[in-house]
Amino acid sequence: MLAVVTIGVYGFDAESFLRRLRDADVRLLLDVRQRRGVRGPEYAWANSARLQAALAEAGIAYQHHPELAPTTDLRRIQYDEDDRQGVGKRSRHGLADGYARRYTAEILDKADLTPIVSALPDGGAAALFCVERDPEACHRSLIAGRLVERHGLGVAHLRPR
């Protein structure tokens with residue numbers, strides 16, 4: 001069975017992030033962010049060019065899948081719910097129901113995941129990558145769920161230690 005893991009930016013530094021990928025035998029990182037940058041110097045390592053250079057040095061392939069990223073309008077739905085609950089993106093623990101429903105209908109139901117499944121490494125794992133620490137607070141968990149449901153893949157979630 002092909003393996004997929006998910007991982008976010010928050011809670012990692014560059015070294016611990018790459019170590020976590022190596023420990024999980026990740027050979028392909030699938031970036032599902034719309035904007036491939038992270039604000040603040042603490043996470044500058046996760047900005048696209050720096051991240052891709054570090055991955056290349058570590059022998060991990062990289063693919064960007066903007067078709068799986070939530071639109072700005074969808075993100076606003078989540079931000080409104082975050083505001084209502086008084087949480088920020090870095091402290092969110094789950095997705096708003098309205099966001100999850102619309103992301104599924106507008107993005108995930110229209111996406112063909114077969115090319116992603118076909119590109120998975122024969123050995124090792126591929127990682128769905130976004131920014132949130134917890135997969136339950138990120139659309140990558142919805143993608144992972146679809147890969148389990150429709151393609152029978154095994155999925156694990158990597159978190160900072």
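Kindly indicate whether R84 is charged (D, E, K, R) and touching a Leu at 6+ places or on another chain (Cβ under 6 Å).
Spelling it out, it is not the case that R84 is charged (D, E, K, R) and touching a Leu at 6+ places or on another chain (Cβ under 6 Å).
The residue of region 120-131 that is surrounded by the most Cβ atoms within 10 Å (Cβ to Cβ), among those that are closer than 22 Å to P70 by Cα and among the small types (G, A, S), is A126. Exactly one residue out of L55, L29, L51 is among the aliphatic types (A, V, I, L, M) and either within 22 Å of L142 (Cα to Cα) or at pLDDT below 95 (or both): that is L29. Contact map, region 130-151: residues that are touching a residue at least 60 places away in the same chain (Cβ under 8 Å) and closer than 29 Å to R39 by Cβ paired with residues that are among the polar types (S, T, N, Q) and part of a helix (DSSP H, G or I), Cβ distance under 8 Å, separation 6+ or inter-chain. Pairs shown: P135/S141. Just give me the residues in region 22-45 being surrounded by 22 or more Cβ atoms within 10 Å (Cβ to Cβ) and over 16 Å from H65 (Cα atoms), in sequence order. The one that is surrounded by 22 or more Cβ atoms within 10 Å (Cβ to Cβ) and over 16 Å from H65 (Cα atoms): V26. With the condition kept exactly as written, say whether any residue in region 137-155 is of a type in the set (G, A, S), at pLDDT 95 or above, in a loop (DSSP other than H, G, I, E, B) and closer than 24 Å to D13 by Cα. Checked region 137-155: no residue is of a type in the set (G, A, S), at pLDDT 95 or above, in a loop (DSSP other than H, G, I, E, B) and closer than 24 Å to D13 by Cα. Checking the structure you have, find out if any residue of region 79-97 is out of contact with any Pro (no Cβ under 8 Å at 6 or more places or on another chain), touching a residue at least 40 places away in the same chain (Cβ under 8 Å) and polar (S, T, N, Q). No, region 79-97 has no match at all.
In region 4-19, which residue that is touching a residue at least 24 places away in the same chain (Cβ under 8 Å) and surrounded by fewer than 19 Cβ atoms within 10 Å (Cβ to Cβ) is nearest to Y103 (Cα to Cα)? Taking the candidates together, the pick is G11.
The values are calculated or read from the model by the stated rules, or taken from the named source; none is laboratory data. Just so it is clear, the model here is predicted, and its values are computed rather than measured. Glycine also receives a Cβ, built like all others from the backbone with ideal geometry; neighbour counts cover every protein chain displayed.
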